[in-house]
Amino acid sequence: MRAGLQGRAQAPLPHAPTAGHPSRTAQLQAITAALSRAVTRGDVARALVERTLDAMAAQEGALWLVERAGGVARLVHAAGLPEGDRARLELLPLERGAGPVAASMVAGEAHFLNSRRELAERFPRAARLERLPDLALAAVPLEAEGRCLGALALVFHARRHFDEEERIFLAVLARVAAQALARARLYESERAARAEAEGAHRRAAFLGEASALLASSLDWEETLASVARLAVAGVADWCWVELPEGLAGGAPPVVEAHVDPARAELSAAWRRRFPPGPDAPSGAPAVMRTGRSELYPELPASLLEGGGRDAEALAADRALETCSAMVVPLSARGRTLGTITLVASRADRRYGPEDLAMAEELGRRAGVAMDNARLYDEAQRAIRARDDVLAIVSHDLKNPLEAIYLSSALLLRTGAAPRLRRHAETIQRSAARMDRLIRELLDLSSIEAGRLVVEPRPEPLDAVLEEALAGLSPLALERGVALAADTAGAREPVPCDRERILQVLSNLVGNALQFTPRGGHVTVRAALAPAEARVEVRDDGPGIAPAQLRHVFDRYWKSGSRRGSGLGLSIAKGLVEAHGGRIEVESQLGAGSTFRFTLPRR
C-alpha cells in the first residue's frame, strides 16, 4: 500500500479487545447477510468496509478493486480516512514492493503488520502516516474464480497483534466478499448490457422517427425546423441547426429549439449578442470547415474560459447550464451543408461515443433530406420559370397564328390559282400544327403542376366515342385504314369531362392511325363494369419493342419512325389519371398494339 497505512514503534503488542463483542461466527453471519443484500460493487464495498471496521474495532478501512485493464486498483469505498490520504490513495499501481495493499493483490497473500516499524522493514517504499504515533495494518486480497478482484485494508491507530482467530475471520470474510463482488459485477454487466440494448433500441427508434419526419416535407425551412424539434424531443435539451448564409435559400440560417421556451428566448438572445466567429477553432464554425464531428462529454468551466470570452459572455454561457454537447455535420453527396449542435443541460445526461454515432447518422439523414428539399425548391423555381415563359410565348403566338390561319382560309375561299391554293393549304396545316403544339404544351404544364382541372358530367360513353371517331374518319380514309367501333355495351352515362375524353381518344386513335399500314385496321371498343368503364384502342400495326414499352407515356417519347411532338400519349395519361382512371399498353412486334384506359363510374 502506498501512503498512510504504515507503523513505527516496538513495544509489547496487545491483542484485539474481545470484551463485549459478539462471537466471530455471529459477526460473520451478520456481514454475510449484509453482503447478500448488496446489489452493486459499491454497495458491497460499503457494507464490507463499514461492518468490518466495527467487527475488528479498526479506525480506518478501505476497499480497492482492480481495474478491468489491469495494472492499477481504484479506491471504491473508504471510512475514517482523511481526505488528503483518500486523494493520494485513489489509484494504486499494482507493484509488488509498492505497499502492503498492492502486494496483497499482486501475490494473492494477506499481510498483517503489527507496528509502524514492521511496516517500514517489510515495505520500505511505502509512505508513512506521520499523523499517527503508531499503527497496525491488515491487507487482505479478495479472490474469486481464480483471479484477484481487489483488496480490503484495515488501519488501527495503535500497534497490536493479529491472532489466529482474527486472521481466519478476515480470510473467510474475504472469500465471502469476493463472491459478493463477483455476483455484483455480473449484475452490473447484465444491467449495462440491458441498458446498452435499450439505448440502441431508443437510438434506432429515434432514427426511424427522424427518417419518417424528414421524408414528410420537401420544404426547405420546414425540414430545418423538423431537425431541431426532433432532436429536442429525443436526445437534447437544446439544439441549433446552422447553415452558411449563402446556402439557406431564403430560410433562416440558424434554427433553434429548446425544451424550455424561456430558455429558448435566452439562447436566441445569447446567439444574437455573442455570435461565434467564422474562424473559431471549435464548435459549429470548425465543424462547418472540416466536416469532422466534435464530442464534449463534459463541459467544464475551464473549457469555456479558455475561449477568450469576456465576463458577460461567460455569464450567458453559465446561465444556459450547458453540461454536455455534440456538434455534427449536416452532410450530403460528399459535402457539408451545415451543422447540428446538440446540448444537454441536465446533470444526469452525458453524451458518449454511441450518442455521437447516432447524431452523425441523424446529420447524414437530415443532410440528404435538406439537400433534396433544396433540389426540389430549385426544380420548382425552374418549372415556374418555364411555365411563365410558356404562358408568355403561347399568349404572344396565339394572335399571329390566328391571323395566319384566317388569312390562309381566306385565300382558299377566293378561288385562287392551284399553285397558290397549295401554298395556302400548307400554311394552314402548319398553323394548325403550331396551335395544337401550343395547346399540348400548356396541357402538359398544367398536368405536371397539378393544376389540370376536369369537370366530370354524366355523358353517354357511346356518343362520346362516336363523336371522336367521326372527327378522325377523314384521317383514316386518307391513310387507307379501316376504322371501326364496338360501343354497344357503353350506352349508359359515365361521369367524364367530354372535351378531355375526346382529346384522349383523339390522341390514342390518331397514334394508332399513324402507325397502322395502309389496308390495316383500328378498332375502338367500350364496355361498362359495375365500378368502371373500359375503353380500348387496338391496331394491327408493327407493334412496339419490349424495351420501349415502359417509355411509351414519357414526355417527348417517339419511336424510330414516329412524327409529331411526342406529347400526345403523355397528355392522354395525365387526362385519364385526372379522372381517377388508369391507362396501359400491350404490344408485340409484328402483332400490333392495344391501349386501354378506364374511367370510374362513381
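The values are calculated or read from the model by the stated rules, or taken from the named source; none is laboratory data. Keep in mind the model is a prediction, meaning the values are calculated, not measured. Neighbour counts run over all protein chains shown; Cβ positions are idealised from the backbone, glycine included. Just so you know, the surface numbers come from the protein's heavy atoms only, side chains and all, with ligands and any DNA or RNA stripped out. Shrake-Rupley method; radii C 1.70, N 1.55, O 1.52, S 1.80 Å.
Brief remarks on what is shown
- Value of relative contact order over the range 136-221, rounded to a whole percent, pairs C-alpha under 8 Å and six or more apart: 24 percent
- Take Tyr187: with every protein chain present and a 1.4 Å probe, its accessible area is about 80 Å².
- Mean Cβ neighbour count within 10 Å, used as a protection proxy, ranking 538-551, 196-209 highest first: 538-551, 196-209
- Take the Cα of Ala470, step 7 Å toward its Cβ, do the same at Leu406, and the gap between the two points is 2.7 nm.
- Thr322, Thr339, ranked by accessible area, largest first (probe 1.4 Å): Thr322, Thr339
- Highest mean packing comes first when the peptides 143-150, 228-235 are listed by Cβ atoms within 10 Å, giving 228-235, 143-150.
- Distant-in-sequence amide H partners of Leu330 (H built 1.01 Å from N, under 5 Å): Leu337, Gly338, Thr339, Ile340
- R0 of 41 Å, Cβ-Cβ distance Arg147-Leu375: FRET efficiency to nearest 0.05: 0.10
- The range 55-211, relative contact order in percent, only Cα pairs under 8 angstrom and at least six apart counted: 20 percent
- Taking amide H positions as modeled 1.01 Å from N, with prolines and chain starts lacking one, the residues under 5 Å from Gly150 and 5 or more places away or on another chain are Val66, Leu142.
- The eigenvalues of the Cα gyration tensor, multiplied by 5 and square-rooted, give the range 133-233 an equivalent ellipsoid with semi-axes of 59, 17, 7 Å from largest to smallest.
- Backbone N under 15 Å from the Arg479 label point (7 Å along Cα→Cβ), restricted to the range 578-602: 592-595
- Short to long, the 10 Å bins of the Cα pair-distance histogram for the range 100-172 hold 20, 51, 26, 3 percent of all pairs.
- Heavy-atom accessible area for Glu221, with the other protein chains in place and a 1.4 Å probe, reaches approximately 90 Å².
- Counting every alpha-carbon pair across the range 18-135, the share separated by more than 20 Å comes to 51%.
- A probe of 1.4 angstrom, applied to the heavy atoms of all protein chains, finds Glu90 with accessible area near 70 square angstrom.
- Order of exposure, largest accessible area first, which applies to Glu466, Glu256 with probe 1.4 Å: Glu466, Glu256
- Computed on the range 452-602, with alpha-carbon pairs under 8 angstrom and 6+ residues apart, the relative contact order is 25 percent.
- With a Förster radius of 22 Å applied to the beta-carbon distance between Thr25 and Glu50, the computed FRET efficiency rounds to 0.65.
- The ellipsoid that matches the Cα gyration tensor of the range 475-589 has semi-axes, each √(5λ) in whole angstrom, of 23, 18, 13, with the longest given first.
- Sorting Met358, Met288 by solvent-accessible area of protein heavy atoms yields Met288, Met358, largest first, with a 1.4 Å probe.
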